[in-house]
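None of the figures in this text is laboratory data; all of them are computed from the coordinates on show. No experiment lies behind these values; they were computed from the predicted model shown. Note that we place each Cβ from the backbone using ideal geometry, even for glycine, and neighbour counts take in every protein chain shown.
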Amino acid sequence: MGRLVIVSNRAPSIDGTGDSGGLVVALKDALAKDGGLWIGGAPEQTDTPAPSLVFHHRPDFDIGLFELEPQLYRDYYLGYSNSLLWPALHGRVDLIDVQPRYAAAYSEVSRRLARMIFETVRADDVIWVHDYQLIPLAHELRALGCGNRIGFFLHIPVPGLETFKAIPEWRDLAAWLAEYDLIGVQTQRDLAHLINIFRHTLRGELRYNGNMGINGREVVLGCFPISINVEGFRRLAEEGSVGTPPPPLPRLIGVDRLDYSKGLPQRLAGYETFLSQYPRFRGQVSLLQIAPPTRDDVEAYRDIREELELRAGHINGLYGTVDWTPVQYIHRALPRDELAVLFRLSRVGLVTPLFDGMNLVAKEYVAAQDETDPGVLILSQFAGAAEEMPQALIVNPHDPQDMAEATRTALEMPLAERIARHAALYDYLANHDVEYWSASFLKRLLAVETIDLHWISRYAGQQPGVKAS
Ligand code: ADP
Ligand code: F6P
């Protein structure tokens with residue numbers, strides 16, 4: 001095999017200092033092994049974007065940045081990606097904003113990017129595309145005659161067919177997806193939805209081996225739950241907490257980008273119900289919610305911030321005393337090592353999204369615990385992580401009563417039960433860490449039978465693998 005070429009909307013940092021996000025941490029080891037290339041969006045936009053990738057060299061891998069004009073970037077990233085695809089794929093069709101210029105920008109970015117990639121890839125490179133911002137990329141690459149293996153991993157959920165159809169370009173999206181050699185999703189739930197979408201949209205036929213026959217070729221589908229560097233995060237938490245005093249009161253912790261899919265108002269509603277129904281806990285616990293800003297220029301994100309701040313203020317006004325603040329709220333990102341220690345020193349981890357592809361915070365919370373005195377994870381049934389983590393307390397985030405009950409159970413759980421639940425969760429994660437995730441995806445991608453070269457040349461009108469001049 002040639003190089004591994006990763007493509008994602010967000011690029012890793014050029015100097016390696018900002019490598020804390022889930023995607024970067026997940027993939028940099030896979031790339032570093034054989035010195036690959038990571039292609040991603042330049043952090044700043046410019047009125048005069050470079051026509052080709054702008055390369056930077058890191059000791060572990062190379063980075064190729066694509067530049068975009070500010071307006072194109074807004075329509076592609078804030079518009080189509082995050083005002084249409086993100087809400088629709090998270091089941092929030094009430095929030096979608098449909099604008100023809102968004103769809104045009106979305107296709108244009110993949111078209112341009114495909115040209116830049118085609119200029120630079122070698123015939124034996126393997127291309128791995130990430131996430132919903134770049135779904136049309138394989139289609140655009142094939143149209144140029146690119147015969148490389150191309151895999152795609154979707155980090156966010158696949159909704160049911162009816163929800164998917166709320167996206168005006170739903171047929172195009174399904175057809176673009178079907179041009180990858182391998183499509184990876186997070187959960188069995190997503191896989192079932194994807195199969196259904198292909199059946200209804202492209203008359204896809206499920207084969208005995210789990211692949212789908214679509215338009216005369218076979219598309220490989222698989223479920224690959226993403227994970228974290230479990231041992232690394234455990235060590236970060238353990239070493240960082242030496243000498244750090246525990247908080248004065250047992251702490252509940254939530255750490256989420258301030259996104260409406262994370263169920264933050266519902267989480268506070270559950271906490272309020274808990275304080276109202278179990279007055280003995282008032283003044284005896286605290287909730288720390290860390291929620292850094294994200295996609296601030298989209299209206300729905302501004303609304304969720306206001307709602308969260310109102311609810312936190314309401315609870316503090318209702319139950320707070322001179323000596324006790326029920327909800328502490330921090331609206332910014334914290335360094336990763338600080339987060340690890342906060343997780344370790346919190347009795348309860350609250351991960352209660354309304355819909356989430358996976359949710360790495362759930363895995364980080366478990367990895368950070370002291371195995372001799374671990375905290376308890378409360379996990380939404382709608383997080384992808386719930387499929388793999390049944391030993392958490394699974395809740396319905398829409399039901400404040402259920403959340404309140406789980407909070408009480410977590411705080412009162414005997415040590416032996418906490419240890420047993422944590423041990424089962426940790427053992428599973430230790431065997432299914434991020435390396436396992438990337439290795440399983442790549443192994444599957446490399447095993448995909450050589451693609452039908454005639455099919456490619458049909459588009460390009462030329463010999464496959466020979467680049468257009
Ligand atoms: P998403 O990809 O939707 O943001 P995940 O839970 O899968 O959700 O991943 C979020 C990642 O961002 C985790 O690694 C988490 O630790 C990190 N993160 C979330 N909030 C913060 C914060 N306030 N400070 C630093 N890192 C954060
Ligand atoms: O995990 C989903 C995802 O959208 C990733 O693609 C992305 O890197 C992350 O969440 C954070 O979102 P953004 O890059 O829009 O800040």
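Things worth noting here:
- Projected-area average for segment 1-128 over all orientations - Cα convex hull basis, square nanometres: 8.5
- Along principal axes, Cα extents of segment 230-431, largest first, whole Å: 40, 39, 32
- Total formal charge among the other residues, if their Cβ is under 14 angstrom from that of Gly270, Lys/Arg +1 and Asp/Glu -1: 0
- Where labels lie 7 Å past Cα in the beta-carbon direction, separation of Ala32 and Met1 in nm: 1.8
- Computed from label points 7 Å out along Cα-Cβ, the spacing between Ile195 and Glu435 is 3.2 nm.
- Distance between the 7 Å Cα→Cβ label points at Glu387 and Arg10: 2.2 nm.
- DSSP bridge pairs, segment 230-431: antiparallel proportion in percent, nearest 5: 5
- 3J(HN,Hα) along segment 388-396, derived from phi through the Karplus expression 6.51 cos²θ - 1.76 cosθ + 1.60 where θ = phi - 60°, amounts to 9, 10, x, 7, 6, 7, 8, 10, 9 Hz, with x in place of Gly and Pro.
- Mean Cα-pair separation over length for segment 230-431, i.e. relative contact order, pairs under 8 Å, 6 or more apart, %: 27
- Relative contact order computed over the chain (Cα-Cα under 8 Å; 6+ residues apart), in percent: 16
- Calculated over the chain: convex hull of Cα atoms, volume per residue (Å³): 145
- P(r) weight above 21 Å for segment 125-270, C-alpha pairs, percent: 57
- Sites listed here are trypsin sites (Lys or Arg not before Pro) in segment 294-352 whose DSSP assignment is loop and whose Cβ has at most 12 other Cβ atoms within 10 Å: Arg332.
- Using the Cβ-Cβ distance between Asp427 and Leu310 with R0 set to 45 Å, the FRET efficiency from 1/(1 + (r/R0)^6) comes to roughly 0.60.
- Shape call, segment 321-376: gyration tensor on alpha carbons, a/c limit 1.5: oblate
- When only Cα pairs below 8 angstrom with a gap of at least 6 residues are kept, segment 299-403 shows a relative contact order of 20 percent.
- Loop sites in segment 229-269: trypsin sites (Lys or Arg not before Pro), DSSP, at most 16 other Cβ within 10 Å: Arg257
- Extension gain for Arg115-Asp323 works out to 68.7 nm (0.36 nm per residue, less the C-alpha to C-alpha distance).
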